[in-house]
Amino acid sequence: MMPVRRDLQFKLADVDLKTWNANGPLVSAYMNTLSLFFPDGERFFIHSLRHYRDQITDPELKAQVTGFIGQEAMHGREHEEYNERLAEQGMPAEQLVQSIFKIIEAAKRLPEPAQLSITIALEHFTAIYGDLLLRKPELIEGSNPTMTAMWQWHALEETEHKAVAFDVYSKVVGSDLRAYLLRTSTLVVITSIFLSLIAAAMARMLIADKTTKKGLREWAKFAWFMVGPAGGLRGIALPWLDYFKPGFHPWDHDNRHFLNQIDAINEQYGVPAKKSPKMAAAA
């Protein structure tokens with residue numbers, strides 16, 4: 001699977017980000033909170049792979065790393081704009097992003113194999129979350145169409161490149177017992193830290209939002225979103241556990257059939273490539 005860098009732009013200035021998700025304002029707040037982690041998180045992924053890029057001799061894997069970096073750069077840019085719109089709408093996005101940045105900068109002081117193990121653990125998270133969103137469209141159906149397209153695009157590209165960092169890890173760190181223990185123990189630690197940070201950041205977002213209703217009905221809808229039949233936590237539990245299989249590979253969850261959806265999103269939101277002066281003259 002060769003990741004393709006696509007330049008898509010989602011104009012969010014006119015979107016009410018506090019209520020964009022049809023499942024309720026608390027679900028909107030939850031997904032908005034996830035966005036806070038992406039810009040610096042994506043840059044960390046790029047950083048951890050770039051360290052090893054010159055050690056990769058397989059030309060196909062090297063090309064996949066280039067595609068991975070291109071996609072993550074686009075994700076970071078679009079979520080950066082998303083977070084700026086959150087700040088404009090009164091959310092403490094800037095302060096929370098600064099706190100996340102400090103945590104990620106601290107992670108860059110870890111040994112390079114540990115940084116790469118963090119990347120593949122979080123890539124596993126984004127892959128199984130993305131797969132859930134694609135398998136269970138009711139999690140986002142009826143929502144603001146621009147936001148729906150943005151999250152679907154992100155989920156599709158996370159699917160497209162979900163094995164790249166893992167394959168780099170297998171090449172440069174290995175697949176022996178030591179490498180297995182590093183990647184699995186990292187997932188346990190990162191899961192605890194990541195979920196705790198999301199909960200704390202979402203609480204800050206909800207406290208800052210003085211206008212949106214947060215009554216019992218809204219909390220019930222949020223609980224159903226998280227743990228119901230299509231729920232955000234229930235839906236990723238078994239795929240999360242698969243990571244602990246000694247022979248696990250991300251494409252054991254083969255969901256590439258969803259990728260046929262990306263062309264329509266690219267057609268609507270993609271930025272046409274600029275022609276060179278010579279091409280423009282010829283046209």
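The values are calculated or read from the model by the stated rules, or taken from the named source; none is laboratory data. Being a predicted model, the structure only gives us computed values, none of them experimental. When we count neighbours, we look across all protein chains shown, and the Cβ atoms used for this are built from the backbone with ideal geometry, even at glycine. The protein model used for the area step is the full one, side chains on, heavy atoms only, and it has no ligands, DNA or RNA in it. Shrake-Rupley method; radii C 1.70, N 1.55, O 1.52, S 1.80 Å.
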Within the range 111-202, DSSP-loop GluC sites (Glu not before Pro) with at most 16 other C-beta atoms within 10 Å are 141
For the range 1-56, the Debye formula with one identical point scatterer on each Cα and no solvent gives log10 I(q)/I(0) at q = 0.12, 0.28, 0.29 Å⁻¹ as -0.49, -1.13, -1.14
Per DSSP, the loop-located trypsin sites (Lys or Arg not before Pro) within the range 137-217 having at most 12 other beta carbons within 10 Å are 210, 213
Taking only C-alpha positions in the range 93-210, Rg and Dmax in angstrom work out to 16.5, 52
Checking the range 1-91 for trypsin sites (Lys or Arg not before Pro) in a loop per DSSP with at most 13 other beta-carbon atoms within 10 Å yields 11
One can check that the equivalent ellipsoid of the range 32-90, built from the alpha-carbon gyration tensor with semi-axes equal to the square roots of five times its eigenvalues, has lengths in Å, largest first, of 29, 10, 6
Using the Kirkwood radius over Cα pairs of the range 173-223, the Stokes-Einstein translational diffusion coefficient at 25 °C and 0.890 mPa s, in µm²/s and rounded to a whole number, is 177
Candidates 33, 57, 19; GNM for the chain (alpha-carbon contacts under 10 Å) flags as most fluctuating 57
Per residue, the convex hull enclosing the Cα atoms of the range 59-101 spans a volume in Å³ of 52
Magnitude of the Cβ-charge dipole (Lys and Arg +1, Asp and Glu -1) of the range 1-113 about the Cα centre, nearest 20 debye, reported as 200
Ranking 250, 95, 24 by how far each Cα lies towards the positive end of the charge dipole of the chain (+1 on Lys and Arg Cβ, -1 on Asp and Glu Cβ), the top one is 95
Amide H neighbours of residue 56 at under 5 Å, excluding residues fewer than 5 places away on the same chain, with H built from the backbone geometry, are none
Relative contact order of the chain (C-alpha contacts under 8 Å, at least 6 apart) in percent is 30
In Å, the Kirkwood hydrodynamic radius from C-alpha pairs for the range 139-283 sits at 19.3
Result row for the chain, helices from DSSP H with C-alpha axial extent 15 Å or more and mean Kyte hydropathy at least 1.0, is 177-208
The base-10 log of I(q)/I(0) that the Debye equation returns for the chain at q = 0.07, 0.13, 0.16 Å⁻¹, one scatterer per C-alpha, is -0.26, -0.91, -1.37
With the 1.4 Å probe rolled over protein heavy atoms, the range 65-125 has an accessible area per residue in Å² of 39
Expressed in angstrom, Rg and Dmax over the Cα atoms of the range 34-171 are 15.6, 48
So residue 50 and residue 14, fully extended at 0.36 nm per residue minus their Cα-Cα distance, gain in nm 9.3 nm
